[in-house]
Every structure is written in C-alpha cells, then in structure tokens.
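Trainee: What follows is a structure written as structure tokens; I'll ask about it next.
No value in this document is a laboratory result; all are computed from the given coordinates. These numbers were taken from a predicted model, which means no experiment stands behind them. Every residue, glycine among them, receives a Cβ derived from its backbone with ideal geometry; neighbour counts consider all protein chains shown.
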Amino acid sequence: MHVELSAGEDFDTFVEVPNYSVHYQYSQGNILHEVRETSLRDLFAQYGDLLWMNGSHKYNVTNFIGELHDLLDVPRFSTFSQAMLDQLIGKLRKRGNSNATINRKMAALSKLLRKAYKMGDVHSLPEFKRQKEKAGRIRFLDRDEEDLLFSELRAHSELYYRFCLFLVDTGARLSEGLDLRWGDIHGNRVTFWVTKSGRSRSVPLTQRAIDAIAASDRRHAGPFAEIDQQRFRIAWHNAKDAVGFADDKDVVPHVLRHTCASRLVQGGIDIRRVQMWLGHQTLTMTMRYAHLASHDLDMCVPVLERAAAC
C-alpha cells in the first residue's frame, strides 16, 4: 500500500503512534531488561536481608521503610524522582522529625534505592543531601550516677548488672553486646562482628568486663545471649525512675556507650583511637566528644605568656 503525504504532513501526524510507558535499564552484569513498577515495601522484602543484618538496627530500618512507603502519595514507581524525595522530607518535617532523624531515615532509603538501581529495578535515582544537624548535648554518667543506677539494676537482676558493666567498659552498642558469642572472645579481647557500620572491630577488656563475662552461663550461645532486649529496656527504665532520672530522656541504655567514649577522651586518649574503639565510620561522629578534652589546652597558656614577655 502506498500513501501520499500532503505538504506540511509527516509520518507521525498521519499515523497514530502508540504511547509506550515501558522503561528499560541495564542491571548488574550489563543486561538490559524491562523496569516494572515496584514499591519501597517490595524492594525491602527483596533486598532487606542482604543489606541489613538482623538486630535492632534492622528493626529500625524496617519501620523507617514502612513509614516512608505509607507517606508516598503514589507508592508504586519505576522512577524515584527528586520531587518524591523532597515530598517525603517535607512530610517527615511536618511530623516533627528532627534533621538527625530525617538523616537516619534517608540513609536507609538511599541504601535501598542504590541497590535497586544497581539491580535494574529502578531506572533513575534522586540526589540525597544530608540535612544539617544541630550539635546535640552528649549525656554521660559520672561515677556516682553509674553506681546509683547499676545498684538498682543489680537488685532486679545480677545478669543485667553484669551486662551494663560490660557495655560501659567496652562502649558496645546494646545489640553488639547481645549478639556477642563465646567464639568472639579471645583472652582479654572481644570482637564485635555484627555492627551498625557492617565492619567488625576488636577491643581489649577491663578486668570488670572480663569478670562480667566469666560469670555468665556457657550453656547459652553467648555471655548475654539469654537477655531479652525488650525486658532489659523495661528493667532499665524502672531502675532509672526509681533513682530519680525519670525526667531525663537521655538516660537510655545508649548512654553507656557515650559514657565509655567520654571517659576515654577525658582520660587523654586521642580522638583517632576513640574512633577506632567505638567503630565510628567517620571522625565527625567521634568529634562530638572532643570538647571533653579541653583540659589539654592548658599547656598553651605558658607558651603565649612567654611570647608576650619577650
């Protein structure tokens, strides 16, 4: 069949061309395949176990992704646009989320979407920009506060008391202490394999941390493996209330990690070593404790005084 086009007409105006909305993307292995609509819940179900180890952090991420899924006006997508990202951040801010909280949720979202993009499940990514965080107050326990709180916990459970001694002397996160296994302990040193950063680290033990481990029942998988996290948190908050810290929202189990870091810095340990001890990915995290080392500046005064006297 031969069709004559009149002047000013082209093929596209004469023939109705169907509008296809199918997108294609190169996935890992440089294979071109069709990108179908998906959702954050679908992506997390597919890649969550690969990206996050089981533990309290993964539990938090599960809640983050579920919340972000529910906040999207259009939960199914093949492209996660900049407008979608901006919309999420705006809604989180209206809910009263701080910039620090938004950053944690965006870090989980970014990690999930980067994996999806690499595997060819979405064909573009937005630009993630870290929200500026205020330098928050770091709460830590002094020795009197530690004795008061730990004594109350000990009255409830000797195991919980020993667990707290271990946490405050190693700076371990709650989940790291619970996940510790007997095979991770070698003499006076422990290795934390399941960490928030995904990187293992080893730290030496104080004598009371060694004693806290030695008193544990070896019939369990690890020295503190029998502890139920939720029950421990309940006992912690009951003890906190009993000793007069009910109104101090910062006295949570994580305060033991802050206490360890603060004692190291106050004791003259340099920031780099403190970073290695805590397993921080960036020095910025550790610098939150740097102000506690301000006594090191005292040596500067004689230098300035000598200069002024010349």
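Trainee: With a Förster radius of 22 Å, plug the Cβ-Cβ distance of MET119 and VAL74 into 1/(1 + (r/R0)^6) and report the FRET value to the nearest 0.05.
Mentor: That pair, MET119 with VAL74, gives E of 0.55.
Trainee: With a point put 7 Å past each Cα toward its Cβ, work out how far ASP247 is from ASN54 in nm, to one decimal.
Mentor: Modelled inter-label distance: 4.3 nm.
Trainee: For a test of the definition: using alpha carbon positions, the gyration tensor, and the 1.5 limit on a/c, classify the range 143-295 as rounded, prolate or oblate. All intermediate terms of the calculation are to be shown ahead of the outcome.
Mentor: Numbers: a/c = 1.72, a/b = 1.10, b/c = 1.56.
Oblate, because a/c is 1.5 or more while a/b does not exceed b/c.
Trainee: Using a Gaussian network for the chain with springs between C-alpha atoms less than 10 Å apart, which of these wobbles most: GLY66, GLY187, GLY55?
Mentor: Sorting by GNM fluctuation, first place goes to GLY187.
Trainee: About its Cα centre, what dipole magnitude does the chain give when the only charges are +1 on Lys and Arg Cβ and -1 on Asp and Glu Cβ, stated in debye to the nearest 20?
Mentor: Dipole size: approximately 940 debye.
Trainee: Which value in nm describes the separation of the simple spin-label points at MET276 and VAL303, placed 7 Å from the Cα toward the beta carbon?
Mentor: Modelled inter-label distance: 2.4 nm.
Trainee: Another question about this same structure. For the chain, how many pairs of lysine residues have a Cα-Cα distance under 15 Å, where the two are 8 or more positions apart or belong to different chains?
Mentor: Final tally of qualifying lysine pairs is 11.
Trainee: Still on this model: Ranked highest first by the average count of other Cβ atoms within 10 Å around their residues, in what order do 115-121, 277-283, 94-100 fall?
Mentor: Put in order of decreasing packing, that is 115-121, 277-283, 94-100.
Trainee: Considering the options LEU71, TRP182, ALA309, tell which one lies farthest towards the positive end of the dipole of the chain, charges being +1 on Lys and Arg and -1 on Asp and Glu at the Cβ, about the Cα centre.
Mentor: ALA309
Trainee: Another question, if that's okay. Once you order the gyration tensor axes a ≥ b ≥ c over the Cα atoms, which shape class does the range 98-192 get: rounded for a/c under 1.5, otherwise prolate or oblate by comparing a/b with b/c? Each step should come with its number before you reach the end.
Mentor: Working: a/c = 3.49, a/b = 1.81, b/c = 1.93.
Oblate is the answer for the range 98-192, as a/c is 1.5 or above yet b/c matches or exceeds a/b.
Trainee: While we're here: Given a Förster distance of 30 Å, report the FRET efficiency between ASN63 and LEU283 from their Cβ-Cβ distance, rounded to the nearest 0.05. Don't jump to the answer; show the numbers that get you there.
Mentor: Values: r = 29 Å, r/R0 = 0.97.
Here the calculated transfer efficiency is 0.55.
Trainee: Within the range 150-174, find all residues whose amide N lies under 18 Å from a label point positioned 7 Å from the Cα of ILE234 along Cα-to-beta-carbon.
Mentor: Flagged as within label range: 153-161.
Trainee: At a 10 angstrom cut-off on C-beta neighbours, averaged per residue, how do the peptides 236-249, 159-172 rank from highest to lowest?
Mentor: Those peptides, ordered most packed to least, come out 159-172, 236-249.
Trainee: Also: How big is the dipole moment of the range 143-295 about its Cα centre under a simple scheme where the beta carbon of each Lys and Arg is +1, that of each Asp and Glu is -1, and everything else is neutral? Debye, nearest 20, please.
Mentor: Details: 21 positive and 19 negative charges, 140 e Å.
It comes to approximately 680 debye.
Trainee: Considering the dipole of the range 143-295 built from charges on the beta carbon (Lys and Arg +1, Asp and Glu -1) around the Cα centre, which of ALA242, SER200, VAL274 is farthest to its positive end?
Mentor: Most positive-ward Cα: SER200.
Trainee: Rounding to the nearest 20 debye, state how big the charge dipole of the range 81-161 is about its Cα centre with +1 on each Lys and Arg Cβ and -1 on each Asp and Glu Cβ. Provide the component values of the computation, followed by the final result.
Mentor: Values: 18 positive and 11 negative charges, 174 e Å.
Result for the range 81-161 is approximately 840 debye, rounded to the nearest 20.
Trainee: Using Cα centres only, tell me the gap between the range 100-166 and the range 49-95 in whole Å.
Mentor: With the range 100-166 and the range 49-95 each reduced to a Cα centre, they are spaced 17 Å.
Trainee: Could you check which residue among LYS111, LYS132, LYS58 shows the biggest mean-square fluctuation in a GNM of the chain with a 10 Å Cα cutoff?
Mentor: Fluctuation is largest for LYS132.
Trainee: Now a separate question. Kindly provide the Kirkwood hydrodynamic radius of the chain in Å, to one decimal, from all pairs of distinct alpha carbon atoms. Let's see the in-between values first.
Mentor: Values: mean 1/r = 0.0424 Å⁻¹.
Evaluated on the chain, it is 23.6 Å.
Trainee: If you take the square roots of the eigenvalues of the alpha-carbon gyration tensor of the range 23-118 and sort them as a ≥ b ≥ c, do you get rounded (a/c under 1.5), prolate (a/b over b/c) or oblate? Don't skip to the end; give the middle numbers.
Mentor: Numbers: a/c = 2.21, a/b = 1.38, b/c = 1.61.
Oblate shape, in that a/c is at least 1.5 and b/c is the bigger or equal ratio.
Trainee: Still on this structure: Distance in nm between label sites at LYS129 and HIS291, each 7 Å beyond Cα in the beta-carbon direction?
Mentor: About 2.7 nm, to one decimal.
Trainee: List the residues, sorted by chain then number, that are 5 or more residues from THR38 or on another chain and whose placed amide H is less than 5 Å from its amide H.
Mentor: When sequence neighbours closer than 5 places are left aside, the close amide H contacts are PHE77, SER78.
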